[in-house]
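J.: Below is one structure. I have some questions about it.
Read-outs throughout are calculated quantities, based only on the coordinates presented, and are distinct from any laboratory measurement. Being a predicted model, the structure only gives us computed values, none of them experimental. Backbone-built Cβ (ideal geometry, glycine too); neighbour counts: all protein chains shown.
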């Protein structure tokens, strides 16, 4: 994610236009907050664009060394939608902000063919002896080198802060008291977007490249 993150102005958004969904009276903003809580996902920055006919696009933005992923929301979701419809769409999009799914955004990994290199690099991180075919060795090595540097404790803090993970914490279910209270009050919306998962364990590995 950090490899392709760019400053806000480079991806066409201005931070002063960012919405505060917790204090916004729009129905969309309310559902956005509820869905984020129900899924246990750190909410990305939110920008509303009535002049754009699309639904949601994720912008891989950063502020200096701090990751600031952002959702740009178009007119297709800002009018003519019911709460359950919004919860369904937002549930799908916010789920893709989880660490184990975020590579599916084109702003993170633009080419489907690159996913193979990312998968093999992740496999190499936990299984250093796994063989890599010669035609994939260079792209996998590039991805592995970047990931290995990024996940070192001294450089991974911004990534971990954004995803809400402590570098010393053990994996635990993503479920908050606020999400449980919201589920009780809004069972209809919860059935459209709620899910639970576990954080994948993170551990350092020696370099497999000899």
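J.: In nm, to one decimal, how far is the residue 137 label point from the residue 123 one, both placed 7 Å along Cα→Cβ?
T.: 1.7
J.: Also, I was wondering about something else. Counting other C-beta atoms within 10 Å, which of 144, 105, 52 has the fewest, and how do the rest follow?
T.: 52, 105, 144
J.: Quick check: the distance between the Cα centres of segment 30-91 and segment 97-114, to the nearest angstrom?
T.: Each part reduced to its Cα centre gives a spacing of 17 Å.
J.: Additional query: Mind sorting 113, 134, 36, 142 by how few other Cβ atoms lie within 10 Å of their own Cβ, fewest first?
T.: Least to most surrounded, the residues fall as 134, 113, 142, 36.
J.: May I pose another question? Rounded to the nearest 0.05, what FRET efficiency do residue 4 and residue 27 have when you use their Cβ-Cβ distance and R0 = 35 Å?
T.: That gives a FRET efficiency of 0.60.
J.: Among 130, 103, which comes first, second and so on when ranked by fewest other beta-carbon atoms within 10 Å?
T.: Starting with the residue having the fewest Cβ neighbours, the order is 130, 103.
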